[in-house]
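The values are calculated or read from the model by the stated rules, or taken from the named source; none is laboratory data. Since the structure is predicted, the reported quantities are computational estimates derived from the model, not experimental observations. Here the Cβ is made from the backbone with ideal geometry for all residues, glycine too, and neighbour counts use every protein chain on show. With ligands, DNA and RNA removed, areas are computed over all heavy atoms of the protein, side chains included. Shrake-Rupley method; radii C 1.70, N 1.55, O 1.52, S 1.80 Å.
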Amino acid sequence: MAKQGALASNFYIGGFDLSGNVNALSKISGGPAALELTPINVSAYVRAGGLRDGGMDFTTLFDSAAGQEHAALSPLVTTDQVMSFFVGPLGIGNPAASLNAKQVNYDPTRASDGSFIFAVAGQGNGFGLEWGQALTPGLRTDGAATAAGAGNSFDTGASLAFGAQMYVHLIAFTGTSVTIKVQDSADNITFNDIAGTSLTTTALTVAGTATSAVRVAIPNTTTVRRYIAVGTVGTFSNAVFAVNVNKNPVAGVAF
């Protein structure tokens with residue numbers, strides 16, 4: 001197994017690309033709570049999995065330019081924020097972690113050396129942390145509607161009948177609307193909407209807002225074929241976006 005660091009990674013939150021501002025992620029956590037179910041006739045703890053949770057904590061440099069970290073983080077919105085960490089070096093199929101979260105703080109520290117650093121914490125809301133595969137090489141730019149195909153596909157290894165979840169960040173946009181969808185294929189030639197459902201966003205019309213970063217899930221009994229890829233439809237001249245997909249590898253995943 002090849003070992004690697006996380007150089008040239010990307011971080012997105014709520015339709016903003018903060019990759020040039022975030023200087024460290026101190027926590028990317030998730031999983032089920034450990035419920036203690038220990039009876040009196042054993043000599044060690046007995047535990048079972050409880051509610052899923054997740055968290056992302058990071059520090060960021062101050063940047064008051066349009067579309068940068070102060071604009072993204074200072075409003076401290078009470079609605080959900082989608083957070084995504086794409087592990088570098090960036091590429092389709094590389095690991096990426098995403099979380100539907102509440103941003104709970106935006107705490108600055110002005111150090112004696114003059115630096116101005118903000119600490120931010122995201123706490124999972126409604127869903128736990130999900131590790132998936134990047135279906136865009138970090139950010140992808142489409143100048144018009146673009147079909148899913150072999151040129152931007154990922155081989156998941158096999159067809160599985162356990163559903164999937166998709167996280168999308170629309171970073172920049174010019175046009176009327178764009179719909180971003182994940183399609184599947186058995187042969188890496190013909191791609192179609194996933195049978196019986198659709199892993200797709202609504203028609204997105206603006207970037208850099210709470211509505212331009214979304215989580216979409218399909219039932220966890222849905223068959224998703226071996227190859228998956230991202231396609232776009234709509235009327236636009238520029239769409240810059242990132243997509244992370246978790247194709248569930250086992251049955252019984254509950255969200």
### Message
Keeping every protein chain present and rolling a 1.4 Å probe, give me the accessible area per residue for the range 32-88 in Å².
### Response
57
### Query
Given (1) 29, 28, 16; (2) 42, 25, 17; (3) 39, 24, 17, which label gives semi-axes √(5λ) of the Cα gyration tensor in Å as computed from the coordinates?
(1)
### Message
Counting only other residues whose beta carbon sits under 9 Å from that of residue 188, what net charge do I get with K and R as +1, D and E as -1?
### Response
-1
### Task
Enter the Cα centre distance for the pair the range 91-149 and the range 1-70, rounded to the nearest angstrom.
10
### Query
Measuring from a point 7 Å past the Cα of residue 2 along Cα-to-C-beta, which residues in the range 88-130 have an amide N at less than 15 Å?
88-95
### Message
So if I place +1 on the C-beta of Lys and Arg and -1 on the C-beta of Asp and Glu, and nothing else carries charge, what would the dipole magnitude of the chain be about its Cα centre? I want it in debye, nearest 20.
### Response
360
### Query
What spacing in nm lies between the two simple spin-label points modelled at residue 209 and residue 47, each 7 Å away from Cα in the Cβ direction?
4.3
### Query
So what's the Cα pair-distance distribution over the range 41-87, bin width 10 Å, in %?
15, 36, 20, 13, 11, 5, 0
### Query
Ignoring any ligand, DNA or RNA, what whole percent of the accessible area of the range 89-153 comes from carbon and sulfur when the probe is 1.4 angstrom?
54
### Task
Take peptides 63-72, 213-222, 78-87 and line them up by average Cβ neighbours within 10 Å, highest first, as a rough protection proxy.
78-87, 213-222, 63-72
### Query
For the range 46-183, what is the convex hull volume of the alpha-carbon atoms per residue, in Å³?
196
